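Structure first, then comments.
The values are calculated or read from the model by the stated rules, or taken from the named source; none is laboratory data. What you see is a predicted model; the values in this text were computed from it and never measured. Don't worry about glycine lacking a Cβ; one is built from the backbone with ideal geometry, like all the others, and counts go over all protein chains shown. Calculation scope for accessible area: heavy atoms of the full protein, side chains included, ligands and nucleic acids excluded. Shrake-Rupley method; radii C 1.70, N 1.55, O 1.52, S 1.80 Å.
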Amino acid sequence: MIPTEEVSVRMREIEYKLKQEELTLSFIKDSLEKSDQLTKNMVAILSSFESRLMKLENSIIPVYKQTENLQRLQENVEKTLSCLDHVISYYHVAKDTEKIIKEGPTGRLEEYLNCMDKIQKAVEYFQDNNPDSPELNRVKSLFERGKESLESEFRSLMTRHTKPVPPILILDLISGDDDMEPQEEVFLEHLPEGVLHDIIRISGWLVENGRNQDFMTVYFQIRSVQLDRSIKGLKDHFRKNSSSTGVPYSPAIQNKRKDTPTKKPVKRPGTIRKAQNLLKQYSQHGLDGKKGASNLIPMEGHEHDLRVKHLSDALSDKHGPAAGRDDVFDIEIDAYIHCVSAFVKLAQSEYQLLTDIVPEHHQKKTFDSLIQESLDNLIMEGDNIVSAARKAIIRHDYSAVLTIFPILKHLKQMKPEFDQVLQGTAAGTKNKLPGLITSMETTGAKALEEFADNIKNDPDKEYNMPKDGTVHELTSNAILFLQQLLDFQETAGAMLASQETSSSASSYSSEFSRRLLSTYICKVLGNLQLNLLSKSKVYEDPALSAIFLHNNYNYILKSLEKSELIQLVAVTQKTAERSYRELIEQQIQTYQRSWLKVTDYILERNLPVFQPGVKLKDKERQMIKERFKGFNDGLEELCKIQKAWAIPDMEQRDKIRRAQKTIVKETYGAFLNRYGNVPFTKNPEKYIKYQVDQVGEMIEKLFDTSA
């Protein structure tokens with residue numbers, strides 16, 4: 001059982017908790033009542049605020065709308081005033097800009113262009129809004145006047161500042177291509193920088209606003225004249241200052257290149273002048289078959305010595321004018337070659353300038369028009385050269401083809417650059433250079449073929465044959481002509497290939513052209529050999545005929561070897577060198593047979609046998625006398641005749657003398673030993689005129705008129 005006291009305590013605790021809970025519940029109840037009251041008050045306040053807001057909104061919205069309308073009205077007024085100001089400004093444009101337009105754009109281009117922009121806008125406004133306004137006519141008139149002033153300023157700037165490029169600068173420009181090492185680039189300033197800027201601005205404005213392309217015509221006309229004058233100035237520069245020793249460049253370029261290695265220069269026309277002159281004289285005196293000896297000196301010989309004085313006298317009278325004509329001719333050809341290079345370089349520079357001034361879609365057409373005059377002049381001059389060459393070929397003046405060689409070679413070298421420069425131009429413009437090249441190739445090929453045929457058919461025989469048997473003019477000139485081909489092998493080969501229609505010509509152009517040239521040279525040499533054989537028959541003496549052929553064959557062989565023509569011949573004729581050596585040896589043997597009529601008198605097989613100590617019969621003594629006399633007379637006659645003959649090649653001359661001297665001395669020595677002491681006559685000195693050494697000395701003087 002729980003004690004009573006403990007129960008009592010617990011009861012009190014329970015009662016206390018109950019009271020506490022009652023107090024808490026009472027407090028919560030009071031709080032809820034207060035909260036309800038506050039809620040009611042807040043709802044009343046919010047309801048009142050909402051009511052007031054509704055009243056305020058109903059009052060403000062009309063005011064706001066009214067204010068917005070007023071602001072819109074204000075903006076409209078401001079816009080209207082601005083538009084009025086803008087419109088009014090168009091009515092003042094003519095007045096504000098008229099003075100500047102009348103004075104022109106010189107010295108104030110940007111201000112002038114701004115005025116033109118204003119005038120153009122005014123014109124557009126009146127056309128769109130008031131086409132009947134008198135102001136429209138006024139601003140249109142002012143605009144046209146301003147545009148004309150801009151065009152006039154464009155023309156004036158182009159005319160005043162466009163000048164021909166100095167010849168020295170052009171030479172410096174084109175000479176850079178010949179250097180192995182890169183040189184400082186030569187810059188062409190066609191127009192001053194400030195002027196170029198103004199021209200570009202004017203052209204841009206005219207294209208964009210003026211809708212006028214007339215300035216492009218003005219541009220290409222002025223620049224075309226400048227280009228043509230630049231090239232003509234270069235040509236005049238050559239005429240005044242050029243010489244056979246070289247081309248005058250500026251001092252700066254000369255100093256810069258003083259120690260600079262350069263490529264082998266293109267062979268200038270002056271270096272082939274000798275060939276031209278010789279061939280011209282030959283063609284006039286030889287191939288035409290006209291009477292009268294030529295003044296040509298093909299090689300040293302006895303006739304050479306006789307003709308030197310005559311020629312020197314003639315040249316002393318004619319050398320000045322003749323040399324002057326040759327120099328002028330050389331300069332003209334040299335100038336033409338340089339003008340071709342100058343055209344390419346200047347045209348490239350013109351195109352670069354044009355791209356900044358002319359709109360892109362008009363550039364090619366304008367450039368085509370710009371270069372036409374200069375290009376036509378170059379092509380016309382080239383055609384004149386071809387025409388002159390054709391006329392010369394008709395006259396059998398084959399030196400004319402030598403003029404075409406350096407020009408054609410240069411044109412073909414320049415063709416890739418030509419094609420690049422003329423890219424985009426009309427087909428007629430592009431085809432002008434290929435047409436000239438084809439014309440030159442055809443003319444050159446015709447000249448080459450006719451030269452070969454005339455070498456074979458040369459009618460010159462008796463009246464122009466060298467009396468001493470030296471090298472004939474035909475030989476020296478033919479070889480001289482062929483030697484010139486070495487410097488233009490590709491060009492000459494291409495000439496010949498241009499006339500071929502076989503598939504090989506297109507499939508193997510380089511090799512095929514070289515073989516064609518080799519075949520051509522062999523043809524000329526073959527024709528020359530046939531002609532020489534025919535000419536040799538003019539000589540009544542077979543020995544002189546042999547000397548003549550020997551000299552010519554030897555000259556041909558030595559010339560082939562010295563000029564490296566032999567390598568070109570060997571392309572199609574491997575045994576050419578050996579064949580010529582055999583021909584030379586055959587002629588030496590033929591010549592040596594001429595001495596048989598001398599040595600036959602003293603050959604042992606032709607003499608009777610005499611017994612030593614036995615007295616000679618009269619018949620035997622007479623026979624010995626006839627042998628000595630026949631030998632003496634034959635020796636003297638041959639030495640006298642053959643002393644006047646010529647063998648220009650010292651090596652060959654010594655060889656022939658030595659061989660003949662050995663044969664005759666041995667034969668005569670044996671005869672003299674056998675019969676020199678035989679008492680066949682009371683006057684031995686009458687028959688034994690010469691000792692063995694004396695015979696050798698006489699033979700040593702053969703082929704030498706001065707001995």
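Within the group SER399, SER387, SER374, which residue is open to solvent by 10 Å² or more (accessible area, probe 1.4 Å) and of a type in the set (S, T, N, Q)?
Exactly one residue qualifies, and that residue is SER387.
I need every pair where a residue in segment 118-132 that is modelled with pLDDT of 85 or more has its Cβ under 6 Å from the Cβ of a residue that is surrounded by fewer than 20 Cβ atoms within 10 Å (Cβ to Cβ) and among the small types (Gly, Ala, Ser), sequence separation at least 6 or different chains.
Close Cβ pairs (under 6 Å, with a partner that is surrounded by fewer than 20 Cβ atoms within 10 Å (Cβ to Cβ) and among the small types (Gly, Ala, Ser)) amount to PHE126/SER133.
Consider GLU381 against the criteria (1) out of contact with any His (no Cβ under 9 Å at 6 or more places or on another chain); (2) in contact (Cβ under 8 Å) with a residue 60 or more places away in the chain: it satisfies all of them except one. Which criterion is unmet?
(2)
I'd like to check which helices (runs of 4 or more DSSP H) are fully inside segment 391-506 and have at least 3 residues that are more than 30 Å from LEU530 (Cα to Cα).
400-421, 427-430, 432-457
If you check GLY424, GLY444, GLY428, which single one turns out to be surrounded by fewer than 23 Cβ atoms within 10 Å (Cβ to Cβ), modelled with pLDDT of 90 or more, within 30 Å of ILE371 (Cα to Cα) and not acidic (Asp, Glu)?
GLY428
Of the numbered conditions (1) in a helix (DSSP H, G or I); (2) over 17 Å from ILE479 (Cβ atoms); (3) at pLDDT below 95, GLN567 fails exactly one; give the number of that condition.
(2)
Residues checked against (1) over 30 Å from LEU196 (Cα atoms); (2) of a type in the set (Lys, Arg); (3) under 21 Å from the mean Cα position of the chain (by Cα):
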site	(1), (2), (3)
SER341	no, no, yes
GLU350	no, no, yes
LEU354	no, no, no
PHE367	no, no, no
ILE371	no, no, yes
ASP376	no, no, yes
ALA389	yes, no, yes
THR403	yes, no, yes
GLY435	yes, no, yes
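For the condition β-branched (Val, Ile, Thr) and more than 38 Å from the chain's Cα centre (by Cα), what is the one hit in ILE584, ILE566?
ILE584
Looking at segment 475-496, which of its residues are among the aromatic types (Phe, Trp, Tyr) and closer than 16 Å to HIS410 by Cβ?
Passing the criteria: only PHE488.
Quick one: is THR355 open to solvent by 20 Å² or more (accessible area, probe 1.4 Å), at pLDDT 90 or above and part of a helix (DSSP H, G or I)?
It is true that THR355 is open to solvent by 20 Å² or more (accessible area, probe 1.4 Å), at pLDDT 90 or above and part of a helix (DSSP H, G or I).
Can you name every one of the helices (runs of 4 or more DSSP H) wholly within segment 591-701 that holds 2 or more residues which are open to solvent by 90 Å² or more (accessible area, probe 1.4 Å) and either among the hydrophobic types (A, V, I, L, M, F, W, C) or more than 23 Å from TYR539 (Cα to Cα) (or both)?
Fully inside segment 591-701 and qualifying: 618-643, 650-675, 684-687, 692-700.
Given the residues THR80, THR39, which is the only one that is under 30 Å from ALA122 (Cβ atoms) and either open to solvent by 100 Å² or more (accessible area, probe 1.4 Å) or assigned to a helix (DSSP H, G or I) (or both)?
Of the residues listed, the single one that is under 30 Å from ALA122 (Cβ atoms) and either open to solvent by 100 Å² or more (accessible area, probe 1.4 Å) or assigned to a helix (DSSP H, G or I) (or both) is THR80.
Test of understanding: among SER579, SER545, which residue is of a type in the set (S, T, N, Q) and in contact with a Phe, Trp or Tyr (Cβ under 8 Å, 6 or more places away or on another chain)?
On the way: SER579 fails: in contact with a Phe, Trp or Tyr (Cβ under 8 Å, 6 or more places away or on another chain).
None of the others qualify; the one that does is SER545.
Could you list all residues from segment 465-490 that are surrounded by fewer than 20 Cβ atoms within 10 Å (Cβ to Cβ) and farther than 14 Å from SER559 by Cα?
Listed by number, the residues that qualify are MET465, LYS467, ASP487, GLN489, GLU490.
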